[in-house]
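Here is the structure we will look at.
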Amino acid sequence: MLTERVAVGLMSSVVAPEKAPSNTMGPKEVELILVKEQNGVQVTSTTLVAPTPSQTTASGEDERETWGKKIDFLLSVIGFAVDLANVWRFPYLCYKNGGGAFLVPYMFFMVIAGMPLFYMELALGQYNREGAAGVWKICPLFKGVGFTVILISLYVGFYYNVIISWALFYLFSSFTGDLPWVHCNNSWNSPNCSDWADNSSVNDIYKATPAQEYFDRGVLHIQDSRGINDLGRPRWQLTCCLGVVIVLLYFSLWKGVKTSGKVVWITATMPYVVLTVLLLRGVTLPGAIDGIKAYLSVDFLKLCDAKVWIEAATQICFSLGVGFGVLIAFSSYNKFSNNCYRDAIITTSINSLTSFFSGFVVFSFLGYMSFKHNVALDKVARDGAGLVFVIYPEAIATLPGSSVWAVIFFIMLLTLGIDSAMGGMESVITGLIDEFKCLHKHRELFTLFIVTSTFLISLFCVTNGGMYVFTLLDHYAAGTSILFGVLIEAIGIAWFYGVDRFSDDIEEMIGQRPGLYWRLCWKFVSPCFLLFMVVVSFATFNPPNYGSYEFPQWANTVGWCLAMSSMTMVPLYAIYKLCTLPGKFCNRLAYAITPEKDHHLVANGEVRQFTLKHWLVV
């Protein structure tokens, strides 16, 4: 190595870089030479420093954009993972499946599958520094799963943004002295509408309350549609709200992580402030403590029911956001040496604690509703959109200063939804611009194209019959297909790329090799868990419905086509790859399952995957 030594004056030092040929591409080693002179004696120390791969790309391009601050990344991941489901899904599951006992299967599946898969995706994106499709240069045969998760994120955006537009509609409606979902004297109410106090039958309690009719008839106008074959035109009020959401998304994403990383300072932290305020108010209400006791009541006999374990496993799969390509996209903008292991532990823990914490908020108000209307708690407890757009607004409407509390609540829903929607869009944008390099210079225009396309498709969900389209998309777009995608992803990384090689990559980044526990989970436990979930998903499948409405056969066929369109990307791309590579089948297969950087070894007949050691090592 050529070095240049420079002697300087008393107690001085200098760094002399290695002189490299100007035509050499990529990162170079630099020799740091420290020369000190003390009492006429020179003391020299030498250190070799190798730049990390994050400093420049192999082709000599400018380095990849990175997060402005580490906290920007953490808030973005937390904001994406902590979404509306943490508020409207987990508390109800916990209450329905044994209260505190439900935490046993939930934490079990979190430890053996949730955390390992979350850690895997963060490390995969950070090391390869590309989106969901580009990372599969580690095993080109599996690149189709990258397009699978990109498609799923795109499909989810078609209807998830509609939920945010509902929250925005409710927010605008809250700026009034008399909330519109309190009485039955509005133009949208039916003759069946009756206040809680007028209901003679508890079983009919949800069929015609003012809040239920406001959501169904005042917001959705579902009474003007006979079904999914009678959608009608988009309603201008919801269309405007959807347009505002799309504009917010665009200006949050158009400049990349430099802008989105600042937006999440508000959207990721606001829900915690509001949840805390709502909890402080909720626990002061009569009946709140009874609601919280019901939420935490322990019934260990429920653990003997297989359905409880299946629901816990399902909640883990969907609550962490694994398989949408978002974690890969976000972590690809990290610095190469970022401690992704610590990030995985922090963010998964915060996600679970948020779900548990939100249960206290939800059930303090449900206990209040149960007490106020003198009905059993299970008559008011429900999950999904009905909780946040019917039951909770109804509870808030009975409080002094109800309009203020309504504004606070729906701002929380907006912030919960918007950063999760940002994550889904970023997965699509990053995944495609990293795959098609020509889009890099036109990110603003491409982002505009993606959000505009999403807006146009979402218009079907804001028609009179839009709730039917919404239900269909929600049922098919990211159910079995997301489980299938994560399963293929886990197999591709742990078995074909190799869990030992993947561990070497992590050690190169953070200086610490994953322990045996993580390697066993990646290679055996998590894939088996995911395979089980895919089988259960098919075995327990039920066609969607909305209330008493049953979808026609053609609608279910369209739904399955939507689900299969993302899953078929895996075999279709594998076939395409094997057909386009040169040579005989064995040679093409060797290139297809070998990392692109090791293709020169295939030419020499060195294919790791053709050896028994590769498949047995952990």
Tell me the residue from THR284, THR259 that is not in a helix (DSSP H, G or I) and not charged (D, E, K, R), please. THR284
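Conditions (1) under 16 Å from PRO116 (Cα atoms); (2) in contact (Cβ under 8 Å) with a residue 12 or more places away in the chain, marked per residue:
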{"position": "CYS304", "(1), (2)": "no, no"}
{"position": "ILE316", "(1), (2)": "yes, yes"}
{"position": "GLY321", "(1), (2)": "yes, yes"}
{"position": "PHE324", "(1), (2)": "yes, yes"}
{"position": "CYS340", "(1), (2)": "yes, yes"}
{"position": "VAL375", "(1), (2)": "no, yes"}
The conditions are (1) surrounded by 19 or more Cβ atoms within 10 Å (Cβ to Cβ); (2) free of Cβ contacts under 8 Å to residues at least 12 places away in the same chain, and ALA288 fails exactly one of them. Which is it? (2)
For segment 105-121: of the residues being touching a Phe, Trp or Tyr at 6+ places or on another chain (Cβ under 8 Å) and of a type outside the set (Gly, Ala, Ser), which is surrounded by the most Cβ atoms within 10 Å (Cβ to Cβ)? MET120
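Being within 21 Å of ASP500 (Cα to Cα) and surrounded by 12 or more Cβ atoms within 10 Å (Cβ to Cβ) narrows it down to one of HIS614, HIS600, so name that one. Let's see the steps before the verdict.
Details: HIS600 fails: surrounded by 12 or more Cβ atoms within 10 Å (Cβ to Cβ).
Within the list HIS614, HIS600, the selection yields HIS614.
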If a residue must be open to solvent by less than 20 Å² (accessible area, probe 1.4 Å) and not in a helix (DSSP H, G or I), how many such residues does segment 64-104 contain? 5
Scanning segment 576-593 residue by residue, those touching a helix residue (DSSP H, G or I) at 6+ places or on another chain (Cβ under 9 Å) and either loosely packed, with under 11 Cβ neighbours inside 10 Å or of a type in the set (A, V, I, L, M, F, W, C) (or both) turn out to be LEU578, CYS579, THR580, LEU581, PRO582, PHE585, CYS586, LEU589, ALA590, ALA592, ILE593
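Name the residue, out of SER364, SER349, that is buried (at least 24 other Cβ atoms within 10 Å of the Cβ), in a helix (DSSP H, G or I) and not hydrophobic (A, V, I, L, M, F, W, C).
On the way: SER349 fails: buried (at least 24 other Cβ atoms within 10 Å of the Cβ).
Only one candidate passes the filter, namely SER364.
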Of all residues in segment 170-215 being open to solvent by 30 Å² or more (accessible area, probe 1.4 Å) and part of a helix (DSSP H, G or I), which is modelled with the highest pLDDT? PHE172
Neighbours by Cβ (under 9 Å, 6+ apart or cross-chain): first from segment 438-458, farther than 15 Å from SER153 by Cα; second open to solvent by less than 40 Å² (accessible area, probe 1.4 Å) and among the acidic types (Asp, Glu): HIS440/ASP434
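Return the total of residues in segment 310-341 being in a helix (DSSP H, G or I), among the hydrophobic types (A, V, I, L, M, F, W, C) and at pLDDT below 95.
6
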Number of the exception - LEU581 against (1) farther than 22 Å from TRP136 by Cα; (2) without any contact (Cβ under 8 Å) to a residue 12 or more places away in the chain; (3) among the aliphatic types (A, V, I, L, M): (1)
Filter segment 243-265 down to the residues that are out of contact with any Asp or Glu (no Cβ under 7 Å at 6 or more places or on another chain), open to solvent by less than 30 Å² (accessible area, probe 1.4 Å) and hydrophobic (A, V, I, L, M, F, W, C) and list them by number. VAL245, ILE246, LEU249
Within segment 425-448, can you find the residues that are under 17 Å from VAL135 (Cβ atoms) and among the acidic types (Asp, Glu)? GLU426, ASP434, GLU435
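The values are calculated or read from the model by the stated rules, or taken from the named source; none is laboratory data. These numbers were taken from a predicted model, which means no experiment stands behind them. So basically every Cβ, Gly included, is an ideal-geometry build from the backbone, and we count neighbours across all protein chains shown. For accessibility, only protein heavy atoms count, side chains too; no ligands or nucleic acids. Shrake-Rupley method; radii C 1.70, N 1.55, O 1.52, S 1.80 Å.
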